[in-house]
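Please read the structure below before turning to the comments.
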Number of protein chains: 2
Amino acid sequence: MSSQDKFILYWLDESRAHRILWLLELLELDYDVDVYLRHEETWRGPPELFHVHPLGKSPILEIKFADGRPNLQLAESGLIISYLLKNYDPQRRFSPKGEREQIKMDYYLHYAEGTLEAILMSMLINSTAKRVAPLGMRTLAKVYSRGVNNGYYIHEYHLNLRYLEQQLRAEGTGYFVGGKLTGADIILSFPIYENLFDNEAGVKECADETDLYKKYPNLAAWCDKIKNNPAYSRITDMMRAKVDEMYAMKRRRR
Amino acid sequence: MSSQDKFILYWLDESRAHRILWLLELLELDYDVDVYLRHEETWRGPPELFHVHPLGKSPILEIKFADGRPNLQLAESGLIISYLLKNYDPQRRFSPKGEREQIKMDYYLHYAEGTLEAILMSMLINSTAKRVAPLGMRTLAKVYSRGVNNGYYIHEYHLNLRYLEQQLRAEGTGYFVGGKLTGADIILSFPIYENLFDNEAGVKECADETDLYKKYPNLAAWCDKIKNNPAYSRITDMMRAKVDEMYAMKRRRR
């Protein structure tokens, strides 16, 4: 049984929004996706996103309530996932049972953005900086950005990957909390799977690391579960087709 | 009326832990503070923090329940504040009234770490990198780190400060949510007041910006409220004395 409320997801390609789309699909909610493409050079979101929210960020979720309450606009992935699970998952299909397990899930809803993603984004931005450096300075920029990454971020990156691998090993169920797919896995799908395990070239460039799959077998098995989740495959195929079509239209307009 | 439960806060100097101490004091809870000092050169937390939590982070809050339930260890500021307010503020002295306002407060509990702090920390780490660069490379390192900061972080920094100023202006009460001091102000005290408004030299170095107080009058007035809050002054004086004493002991041991 699904709610009569309607949802609009403001979705940016290759962004944190994909996991929110996944949750809307898992909960069988009545949603529309409003698709935005990144600027091909700056990699930023487009100016139109600022009409949706003053920080121009994605995901933004808008809820139109069937009972006539005014629309609600939500930002921040952790809050969006928390709100959707609290209000649209009465059978707790994607929430664990028991107070301690609920707190653990809520912890990951904060940790994924508050700790993990902050490290990964910084590593990524520092390592792409060398590409935008003036030509003559690129080797130097590479040395320097690698220095900043090695000096701080890479240390934190390894620490966190070992921690996450250990958390999965200790759980022993293949999931982060409660032995099933929950909001914890949904929010972690972006930093762990999309940013890292599905981004070999990026990881090689930032962290000089290959074969994450061998080094972290529990995380690797978890990533396979994400990738092969039927709802996840469905939205990924759907959005890939949609984005390809939008790029093709853009090219035709030139 | 306060709870019989006992709390241990693992507190690192100049860290996100200070606001948790502030909330424990505001809620008149029965707490102990376990104090850790940063490494004087690397600015990291000490190895002992890793005995508390595998990521070596602060704040960590441990709760010893009076009713015999096993201890609970909480990490991530947003989760800690959320948990304390839900369980130890029955009169909602520091939570707003009404569902929409509660969601707005919860938003800031995610935003402060998930968006704002990530930008500020990156700016800071990039700008300190030039100090640890080999001597002959410092000017270059400075140019380069300023390039990365200008290319991405400074843009996001200005965007977020304007946004926060605008949020306060729109509220018109001097607080972020609900016309009184809430968890939103408590979590934002670290990024806005400690990192920026109380850190003129750091802001000058990272963002080449002076006079935040003139540029953002609403944020400035809010910062004054934080600084002059009696509980905030009390814990700040208390911890300053404690940290001074610990440094003095360290020096004597050498």
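Numbers at a glance
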| read-out | value |
| --- | --- |
| Complete set of residues in the range A:170-215 that are charged (D, E, K, R) and either closer than 16 Å to A:LYS104 by Cβ or open to solvent by less than 20 Å² (accessible area, probe 1.4 Å) (or both) | A:GLU171, A:LYS180, A:ASP185, A:GLU209 |
| Criterion violated by A:PHE50 - all others in (1) in a helix (DSSP H, G or I); (2) of a type outside the set (A, V, I, L, M); (3) closer than 15 Å to A:PHE190 by Cβ satisfied | (3) |
| Candidate set: the range B:54-91, residues that are away from every other protein chain (no Cβ under 11 Å) and aromatic (Phe, Trp, Tyr); chosen: the one nearest to B:ARG16 (Cα to Cα) | B:TYR88 |
| Residue check for A:GLU245: within 20 Å of A:MET123 (Cα to Cα) and charged (D, E, K, R) | no |
| Extreme residue, modelled with the lowest pLDDT, among residues of the range B:134-155 that are more than 7 Å from every other protein chain (Cβ to nearest Cβ) and open to solvent by less than 30 Å² (accessible area, probe 1.4 Å) | B:SER145 |
| Single match in B:PHE50, B:PHE7 (criterion: within 14 Å of another protein chain (Cβ to nearest Cβ) and not β-branched (Val, Ile, Thr)) | B:PHE50 |
| Complete set of residues in the range B:10-60 that are closer than 22 Å to A:TYR163 by Cα and open to solvent by less than 20 Å² (accessible area, probe 1.4 Å) | B:TRP11, B:LEU12, B:SER15, B:ALA17, B:PRO46, B:LEU49, B:HIS53, B:LEU55, B:GLY56, B:SER58, B:PRO59, B:ILE60 |
| Checklist (1) open to solvent by 10 Å² or more (accessible area, probe 1.4 Å); (2) within 15 Å of B:ILE187 (Cβ to Cβ); (3) at the interface with another protein chain (Cβ under 9 Å from one of its Cβ atoms) applied to B:LEU120, failing item | (3) |
| Helices (runs of 4 or more DSSP H) completely within the range B:181-254 that count 1 or more residues being closer than 24 Å to B:LEU21 by Cβ | B:183-188, B:200-207, B:217-228, B:230-253 |
| The lone exception for B:MET246 - which of (1) open to solvent by 10 Å² or more (accessible area, probe 1.4 Å); (2) without any contact (Cβ under 8 Å) to a residue 60 or more places away in the chain it fails | (2) |
| The range A:87-105 - residue that is of a type in the set (D, E, K, R), assigned to a helix (DSSP H, G or I) and free of Cβ contacts under 8 Å to residues at least 12 places away in the same chain and, of those, surrounded by the most Cβ atoms within 10 Å (Cβ to Cβ) | A:ARG100 |
| Where a residue in the range A:189-203 is without any contact (Cβ under 8 Å) to a residue 60 or more places away in the chain and its partner, wherever it lies, is basic (Lys, Arg) and surrounded by fewer than 17 Cβ atoms within 10 Å (Cβ to Cβ), with Cβ under 8 Å and at least six apart | A:TYR193/A:LYS227; A:ASP198/A:LYS227 |
| Residue in the range A:53-86 that is farthest from the chain's Cα centre (by Cα), counting only those that are in a helix (DSSP H, G or I) and free of Cβ contacts under 8 Å to residues at least 60 places away in the same chain | A:LYS86 |
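The values are calculated or read from the model by the stated rules, or taken from the named source; none is laboratory data. Because the structure is predicted, anything quoted here is derived from the model rather than measured. Note that we place each Cβ from the backbone using ideal geometry, even for glycine, and neighbour counts take in every protein chain shown. Quick note on the areas: whole protein, heavy atoms, side chains included, nothing else; ligands and nucleic acids left out. Shrake-Rupley method; radii C 1.70, N 1.55, O 1.52, S 1.80 Å.
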